[in-house]
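Here is the structure we will look at.
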Amino acid sequence: MDKQLSNIIENVGVLLPEAWLLMLSTIILFIGIFKKGELSFLIKGIAIVGLFINFYLIHTTSINFPASASKIMGNSMTIYQHTYFFQYIFTCSALFAITFGLFGRKIHLSNPTEYTGILLFMLLGLHLLSKPANFLMLYLSIEIVSFCSYMLTYFKIDKW
């Protein structure tokens, strides 16, 4: 038991990008709860800056934990050869979606803070989906992504 706990504590640095996404999306959702005004520009700006910080965390994690590392977090996660590549792709797509919503055609969402927060939670699920070592972690990551995508379909987007 002590060996497993020490292994988890040693490899907690691998989950820095995921911990950052969890904190960022929670902060954005709390801002949306306590500030009911129109904060769409501020929220999307915070999310864009947060995603650039996430790029930096992915880069430092890829340097400190190369793809040849063993299984981590009690054998529930592992770093595959293409883990960091897919994390970059997923973060780029979330950055594109938020930037397009900020600078693209004006789309009026019913709750822009919830939309951005749920999009970041979905990105967290995609990050976890890039490094499962067993079917339980794979299933949990797919469920996080699917629940977030179900919630994103709720939002009414005024196209005109």
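The values are calculated or read from the model by the stated rules, or taken from the named source; none is laboratory data. Bear in mind the structure is a predicted one, so any value in this text is a computation, not a measurement. Cβ: placed from backbone, ideal geometry, glycine included. Neighbour counts: every protein chain shown. The accessibility values were calculated without ligands, DNA or RNA, using every heavy atom of the protein model including side chains. Shrake-Rupley method; radii C 1.70, N 1.55, O 1.52, S 1.80 Å.
From the list S130, S68, the one residue that fits, being at pLDDT 90 or above, among the small types (G, A, S) and over 29 Å from K35 (Cβ atoms), is S130.
Can I9 be described as open to solvent by 80 Å² or more (accessible area, probe 1.4 Å), more than 20 Å from T116 (Cα to Cα), more than 16 Å from the chain's Cα centre (by Cα) and modelled with pLDDT under 90? Taking the combined requirement at face value, the residue satisfies it. Within region 48-97, the residues that satisfy the criterion of being farther than 17 Å from M23 by Cβ, open to solvent by less than 30 Å² (accessible area, probe 1.4 Å) and not hydroxyl-bearing (S, T, Y) are I72, M77, I79, L95.
Give the residue that is most open to solvent (accessible area, probe 1.4 Å), with candidates limited to residues of region 133-160 that are at pLDDT below 90 and among the β-branched types (V, I, T). Going through the qualifying residues, I end up with T153.
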